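Bear in mind these aren't lab numbers, they're just calculated from the coordinates by the rules spelled out. Since the model is a prediction, treat every value here as computed from it, not as a measurement.
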Amino acid sequence: QVQLVESGGGLVQAGGSLRLSCAASGLTFSKYAVGWFRQAPGKEREFVAAITWTTHYADDVKGRFTISRDDAKNTVYLQMNSLKPEDTAKYYCATTNYYSVSYSAHGYNYWGQGTQVTVSS
């Protein structure tokens, strides 16, 4: 049974940083694409970043967010710097049975429960 558990969310002031973690059990992250998505109230879930042997970012987080993977811990991280109020959302980790990256939530079939990130102005 695949389980993804996110952690690291919280309340931070604009310009601050947070690091989200996503720990997996039941599958090996290094074999599949892993993505981070976010969803703000009243909005659709949107792509933030993904990692395979390369990394991929949404335009509005490039240069501020960094996705990385620790294979020994089977954990993927999202380092978020220079946070803005518009980054406020619930952040989800997701993975799939494929190695190719999808920018759509429909491309992932395993999801964590999400972790809330709130950025105050």
Item to check | Under 22 Å from the Cα of Lys62 - lysines, other chains or at least 8 residues apart | outcome: Lys43, Lys84, Lys90
Checklist entry - Quick one: Cα centre-to-centre distance for the range 1-69 and the range 77-121, in angstrom? => result 4
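Report Rg(Cα)/(2.2 N^0.38 Å) for the range 1-66, keeping two decimals.
Details: Rg = 13.2 Å, N = 66, 2.2 N^0.38 = 10.8 Å.
Expressed relative to 2.2 N^0.38 Å, the Cα Rg reads 1.23.
For the range 34-97, take the convex hull of the Cα atoms, compute a quarter of its surface area, and give me that in nm², please. Please list the in-between numbers first.
Working: hull surface 19.3 nm².
If I average the Cα hull's projected area over directions, I get 4.8 nm².
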Next on the checklist: Going by amide H atoms built from the backbone, whose H comes under 5 Å of the H on Leu83, apart from near neighbours?
Outcome noted: Gly15, Gly16
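Which whole-number value in Å³ per residue fits the convex hull of the alpha carbons of the chain?
92
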Checklist entry - Short version: ³J(HN,Hα) in whole Hz for each residue of the range 105-116, in order, from phi by Karplus 6.51 cos²θ - 1.76 cosθ + 1.60 (θ = phi - 60°), x for Gly and Pro, what are they? => result 4, 5, x, 10, 10, 10, 9, x, 7, x, 9, 7
